[in-house]
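**Student:** Input: one structure, supplied below.
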Amino acid sequence: MPPALDHLLVVGPHTGNARRAVHALKYRRQRDVAEPLGVLMAFRVTALGFQPDLVVPVPIPPRRLAERGYNQAALLAHVVAREIGAPSVEALTRTRETPPQVGLSRRERLRNVAGAFAIAGDTALSLEGRRVLLVDDVCTTGATMSACAEVFRACGAAMVVGVVLSRSLPPSTK
């Protein structure tokens, strides 16, 4: 589990249909799959009995956002938030462009996202003592989730739980 998280909730492994669904959402611009995938993720959150104060998507780099036209994690987060009755807040921002994590070792992934996230606007004022649900599509080593959770911890969040649709096997630890 990524060290800065209290829990990491995973719907399933990053294989078969889950992998195809993530690729459809992320690379084939099939935004409509965010609805059923987000519902599955919300079910996983409610099964744990966790009720967050806010739901936050992991931001993607601005260049990728411009290319894709949307953040897949934000689409999922909006569905999850609606299903569990919590506000969806884009409380994180990227402080710098980072290369894609695909194909990087654990060490490279950690270095790649270190210091790459910050609180957006004056959200920091409202994080003290709050329970945050962090949403992303896939987790491999947990480097991104952990880097995001560290930002919330620094702002006084009481609990940070991550939820992802799928978890892939980590690359080699070179």
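The values are calculated or read from the model by the stated rules, or taken from the named source; none is laboratory data. For clarity, every value in this text was computed on a predicted model and none was experimentally measured. Note that we place each Cβ from the backbone using ideal geometry, even for glycine, and neighbour counts take in every protein chain shown. Each accessible area value is taken on the protein alone, full model and side chains, heavy atoms only, with ligands, DNA and RNA left out. Shrake-Rupley method; radii C 1.70, N 1.55, O 1.52, S 1.80 Å.
**Student:** Is it the case that segment 51-64 has a residue that's part of a helix (DSSP H, G or I), of a type in the set (A, V, I, L, M, F, W, C) and in contact with a helix residue (DSSP H, G or I) (Cβ under 7 Å, 6 or more places away or on another chain)?
**Tutor:** The answer is no; no qualifying residue exists.
**Student:** Mind telling me which of the residues Ala73, Ala21 ends up being farther than 21 Å from Ala149 by Cα and open to solvent by less than 40 Å² (accessible area, probe 1.4 Å)?
**Tutor:** After applying the criteria, what remains is Ala21.
**Student:** Right, something else. Being under 27 Å from Gly129 (Cα atoms) and assigned to a loop (DSSP other than H, G, I, E, B) is the filter here, so list the residues in segment 23-50 that pass it.
**Tutor:** Gly49, Phe50
**Student:** For residues in segment 30-65 being at pLDDT 90 or above and farther than 23 Å from Val160 by Cα, which is least open to solvent (accessible area, probe 1.4 Å)?
**Tutor:** Looking at residues that are at pLDDT 90 or above and farther than 23 Å from Val160 by Cα, I get Val33.
**Student:** Okay, next question. Out of segment 94-148, which residues are surrounded by fewer than 18 Cβ atoms within 10 Å (Cβ to Cβ), among the aliphatic types (A, V, I, L, M), modelled with pLDDT under 70 and within 22 Å of Leu65 (Cα to Cα)?
**Tutor:** Of everything in segment 94-148, those that are surrounded by fewer than 18 Cβ atoms within 10 Å (Cβ to Cβ), among the aliphatic types (A, V, I, L, M), modelled with pLDDT under 70 and within 22 Å of Leu65 (Cα to Cα) turn out to be Val102, Leu110, Ala114.
**Student:** Got at least one residue in segment 79-90 being at pLDDT 95 or above, open to solvent by 70 Å² or more (accessible area, probe 1.4 Å) and farther than 17 Å from Ala157 by Cβ?
**Tutor:** The answer is yes; a qualifying residue exists.
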